[in-house]
Amino acid sequence: MTEILSGIGNFAAATLTFTLYTYYNITNAFVPLCQSNLAVNYSLQSFNAASNTALCTNFTVAGQNNITLSFTVSSVAAGDTVYITGFRGIPSTPTWSAITINSKVWYYYTLKTGNLATVNSTTSTVLIYLPYSNNNYTLTSTNITSLNIYRSGIIYSSSSSTPSLCAVTTPLQIVTSSLTTTTLQTYSANKIGLDVSLQFFDYAAGDYLIANFRSNGSGSNYLLAGSYIGVSCSVTVNGLVSGLAVVNDTALKIILTGNMLPTSVNTLLKIVFSNIVNPPMQ
């Protein structure tokens, strides 16, 4: 019996009919004697995807990297679409494109003939290059949690593995900054402007910054000393009042909202601290 290969479609089972025939010399014909039916269930094709992380060269948050995804799968063809998600990074465009499905961001790539290496008449090895920016949430190694293959909007194969991404071991550094004050007098409320230009990726509402204040010497500057002259510290980010949380006597947590975030067009983060008071004792 030869192997039965299904086409690409939305079906879960097929029925096979087995019939036993006998040949009668009298009629010179085959006559069916008995018959049996068998239901064959189809399941989603599963494959094991791997990644070549030997190509990793940049271990800095938001740094550019390029890995190779490889897997062997049946019935794959040029024009099929590979989707990945659970990916905390940004694939390079136009090689990969983004789409939101059920509030989840997927990235997809359309296979070309050059991505396929024939194994036999039904199976090919797929090789896809994935250039991307490292994630900037944690300093760690991450994975692609889901990898699926579609044809004409129908999923027909899914990875049983989670290919590794490049490790992220170095945080992103501030590129440029400038600091100005309106007064340096003790017991006077100061307004401090801080312009920060960063290479921003993946920022979201709820992210926060920690501001630590130090004096000119080795001691800390107790920024909440304004209570001695009846003023309270406040902070604006890109012109909007920020929520604050006191970390300790010398540090503030600045909580960002969605409309404060830098964009790819304007990466400047303008932070203004008002009513910062020199400490009663220096």
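What does the charge count near Val237 come to, summing +1 for each Lys or Arg and -1 for each Asp or Glu among other residues with Cβ under 15 Å from its Cβ? Before the final figure, lay out the partial values.
On the way: positive: Lys191, Lys253, Lys270; negative: Asp195, Asp207.
Local net charge: +1.
Give, as ranges by residue number, the residues of segment 100-133 whose backbone N falls under 13 Å from the point 7 Å along Cα→Cβ of Leu172.
133
Modelled label-to-label distance, Val31 and Val272, 7 Å Cα→beta-carbon offset: nm?
10.2
Which length gain, in nm to one decimal place, applies between Ala204 and Gln64 when the Cα-Cα distance is subtracted from 0.36 nm times their residue separation? Before the final figure, lay out each step's value.
Numbers: separation 140, 0.36 × 140 = 50.40 nm, distance 2.03 nm.
Full extension of this stretch gives 48.4 nm more.
I'd like to compare 140-150, 38-48: which one has the highest average count of other Cβ atoms within 10 Å, and what's the full order after that?
Working: 140-150: 17.4, 38-48: 11.2.
So the order, starting with the most tightly packed, is 140-150, 38-48.
Sticking with the crude label model, points 7 Å out along Cα→Cβ, report the distance from Ala50 to Thr72 in nm, one decimal please.
Placing both labels 7 Å along Cα→Cβ, they lie 1.0 nm apart.
Would you kindly calculate the mean projected area, averaged across all directions, of the convex hull enclosing the Cα atoms of segment 45-159, in square nanometres?
Working: hull surface 29.4 nm².
Mean shadow area of the hull around the Cα atoms is 7.3 nm².
Just flag the trypsin sites (Lys or Arg not before Pro) in segment 77-174 sitting in loop per DSSP whose Cβ has no more than 12 other Cβ atoms within 10 Å.
On the way: sites: Arg88, Lys104, Lys112, Arg151; in loops: Arg88, Lys112.
Sparse-neighbourhood loop trypsin sites (Lys or Arg not before Pro): Lys112.
Just so you know, all these numbers are worked out from the coordinates, no wet-lab data involved. Because the structure is a prediction, the values reported are computed rather than measured. Reconstructed Cβ throughout: ideal geometry from the backbone, glycine too, with neighbour counts over all protein chains shown.
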